[in-house]
1. Would you be able to tell me the number of residues in the range 100-129 that are at pLDDT 85 or above, in contact with a Pro (Cβ under 8 Å, 6 or more places away or on another chain) and surrounded by fewer than 17 Cβ atoms within 10 Å (Cβ to Cβ)?
2. With assigned to a strand (DSSP E or B) and not charged (D, E, K, R) as the only criterion, which of Gly111, Gly63, Gly59 stands out?
3. Give the range 40-59 a look and list any residue that's under 13 Å from Lys116 (Cβ atoms) and not small (Gly, Ala, Ser), or say none.
4. Does the range 72-99 hold any residues that are under 21 Å from the mean Cα position of the chain (by Cα), surrounded by fewer than 17 Cβ atoms within 10 Å (Cβ to Cβ) and not basic (Lys, Arg), and which are they?
5. Do we find a residue being within 22 Å of Ala121 (Cβ to Cβ), assigned to a helix (DSSP H, G or I), modelled with pLDDT of 90 or more and polar (S, T, N, Q) anywhere in the range 38-51?
6. Contact list please: Cβ distance under 7 Å, first residue in the range 37-66 and under 11 Å from Tyr21 (Cα atoms), second residue of a type outside the set (Lys, Arg) and part of a helix (DSSP H, G or I), pairs at least six apart or on different chains.
7. What's the number of the condition Arg85 fails, among (1) of a type in the set (Lys, Arg); (2) at pLDDT 90 or above; (3) assigned to a loop (DSSP other than H, G, I, E, B)?
8. Among the residues of the range 31-38, is any of a type in the set (A, V, I, L, M, F, W, C) and buried (at least 18 other Cβ atoms within 10 Å of the Cβ)?
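The values are calculated or read from the model by the stated rules, or taken from the named source; none is laboratory data. None of these values were measured; they are calculated from a predicted model. Here Cβ is always computed from backbone atoms with ideal geometry, including for glycine, and neighbour counts include all displayed protein chains.
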Amino acid sequence: MARPWNPDFQHTDRERWICVYPAYINSRKSVLEGRKIPKDKAVDNPTYSEIRDICASAGMTVGVENKVYPRERDPRDMRFRGRIRIQLKKEDGTPMLDKFPTRKSVFLYLGEMIPKLKGRAQSHGNKEQQTSQQQGNTGAQKGKKGKGKGKR
């Protein structure tokens, strides 16, 4: 028997929610490896927690699962763990949020917002400092190359 239509009813069957793996928006992945959006709109190594935080702050209903993307080369690597389930549509098929009518709209939004996270901006600045320090150190070590103890 069919349920009476209720506009406030949310789809409780999590199997019907969309899946978002970090590989879908990873700029270091190729399309064959699972990237779903253009490389210029993708993010450098996103994590499931960043995806979860952005989706929750946008007002989406979110669930996290301890799964690995099937195309992942090393499924034991913890950096690639995590699958996010997002409720995209209501029971009647209308979008939960007008801003996100399709899966791709969610992926593009994630690609736009993840680089703006505070933790991401701070770690990006630290990487720049580390690379400049490493470049300075390599110049000082060039003169020592090949000056060991000799033959043993």
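1. 1
2. Answer to the check: Gly63.
3. Once the filter is applied, which keeps residues that are under 13 Å from Lys116 (Cβ atoms) and not small (Gly, Ala, Ser), the range 40-59 yields Val43, Pro46, Glu50, Asp53, Ile54.
4. Residues satisfying the conditions are Asp74, Pro75, Asp77, Met78, Leu97.
5. Within the range 38-51, one or more residues are within 22 Å of Ala121 (Cβ to Cβ), assigned to a helix (DSSP H, G or I), modelled with pLDDT of 90 or more and polar (S, T, N, Q).
6. Every condition considered, the pairs that remain are Pro46/Pro22; Pro46/Ile25; Pro46/Ile114; Thr47/Pro22; Tyr48/Pro22; Ile51/Pro22; Ile51/Leu110; Val64/Tyr48.
7. Among (1) of a type in the set (Lys, Arg); (2) at pLDDT 90 or above; (3) assigned to a loop (DSSP other than H, G, I, E, B), Arg85 violates only (3).
8. Yes, the range 31-38 contains a residue that is of a type in the set (A, V, I, L, M, F, W, C) and buried (at least 18 other Cβ atoms within 10 Å of the Cβ).
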